[in-house]
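Nothing in this text is a laboratory measurement; each read-out follows from the coordinates by a stated rule. What you are looking at is a predicted structure, and each value in this text was computed from that prediction instead of being measured. Here the Cβ is made from the backbone with ideal geometry for all residues, glycine too, and neighbour counts use every protein chain on show.
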Amino acid sequence: MIQGFKEFILKGNVIDLAVAVVIGGAFTAIVNAVVASIINPLVALFFQADAAGKFGPTITGIYGQKVTFPLGDLITAIISFLAVALVVYFAFVMPMNAYKARKAAKNPIAEEAAEATEGELLAEIRDLLKQQRSA
């Protein structure tokens, strides 16, 4: 049981995942700063924000209270997600794909033999059964 856990922990995927989580946490602070200092002021140029920094349609409720749907928070979350996805793609995914392509070009893997057809597999099974009967 402990040996299985040790093998699981020592796999490269677990270490890569741990590094990704730490980097993601640190990167979140950068994205939040970009959104707060650049994106929110740009959005404020086009939309009037109330004192709480939220904007969106305001509707009068059944009991006369004013209800504001905070679309600003939704827009901020979408832009944050897209910014993270864009930076992760261009900073990590694209270079890694280019690296893998260069590495594959240097060390081409021999093409695997084409898979046998159904008829070839049946013939092989037939031959194996004949060998077993004769033995």
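Across the Cα atoms of the stretch 2-109, what radius of gyration and what greatest pairwise Cα-Cα distance (Dmax) are found, in Å?
Rg then Dmax for the stretch 2-109, in Å: 22.1, 72.
Tell me, what is the FRET efficiency for Tyr99 and Ile30 to the nearest 0.05, using R0 = 35 angstrom and their Cβ-Cβ distance as r?
Working: r = 24 Å, r/R0 = 0.68.
The value I calculate is 0.90.
How much length would be gained if the chain were fully extended between Leu122 and Lys106, taking 0.36 nm per residue of separation minus their Cα-Cα distance, in nm to one decimal?
Values: separation 16, 0.36 × 16 = 5.76 nm, distance 3.87 nm.
Here the answer is 1.9 nm.
Roughly speaking, what is the stretch gain from Ser80 to Lys6, that is 0.36 nm per residue apart minus the C-alpha to C-alpha distance, in nm to one decimal? It would help to have the intermediate numbers written out before the result.
On the way: separation 74, 0.36 × 74 = 26.64 nm, distance 3.71 nm.
That works out to 22.9 nm of additional length.
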